[in-house]
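Data block below; observations after.
The values are calculated or read from the model by the stated rules, or taken from the named source; none is laboratory data. Everything numeric in this text was worked out from a predicted model, so none of it was measured. With ideal geometry, Cβ positions are generated from the backbone for all residues, glycine too; neighbour counts draw on all protein chains shown.
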Amino acid sequence: MIKLMTATAAAAALFLSYPTLAQDKKMEKGGAAKATMKVLAENAKVRAYEVTFAPGAENTTVPASSNRVVRALAGGTLERTYADGKKEKVTYKTGQVRINEASPAFTTKNIGKSEIKLYVVQVK
């Protein structure tokens with residue numbers, strides 16, 4: 001019985017500390033938040049996932065070398081930064097669908113004040 005209570009208390013402590021651990025994992029070296037990705041389905045040919053950008057969050061692992069269909073679940077403005085330093089603003093309206101073809105590598109950052117959530121289907 002004591003072991004069960006100890007295990008339950010340990011599990012509760014871990015569960016309650018999870019949000020803090022998740023926040024720490026979202027932070028990069030400079031303190032900037034990272035975009036979060038949740039894979040919804042995947043096979044050998046395609047991957048479907050949601051990517052969420054909090055205000056100021058960055059994504060440094062954009063699969064720019066593959067074709068993607070992107071639907072904005074919650075719109076906003078992202079800034080793309082290419083390897084050559086060129087910057088480009090991309091605005092998504094909620095519900096908007098785009099086909100992003102393969103392009104040079106870039107990173108993205110939410111430069112708006114609200115959360116952006118995108119549903120992405122990526123061809124591998």
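Filtered by the rule that a residue be part of a loop (DSSP other than H, G, I, E, B), farther than 11 Å from Thr108 by Cβ and at pLDDT 95 or above, segment 41-65 gives Asn43, Ala44, Lys45, Ala54, Pro55, Gly56. The set of residues from segment 75-89 being surrounded by 15 or more Cβ atoms within 10 Å (Cβ to Cβ), not basic (Lys, Arg) and not in a loop (DSSP other than H, G, I, E, B) comprises Gly76, Thr77, Leu78, Glu79, Thr81.
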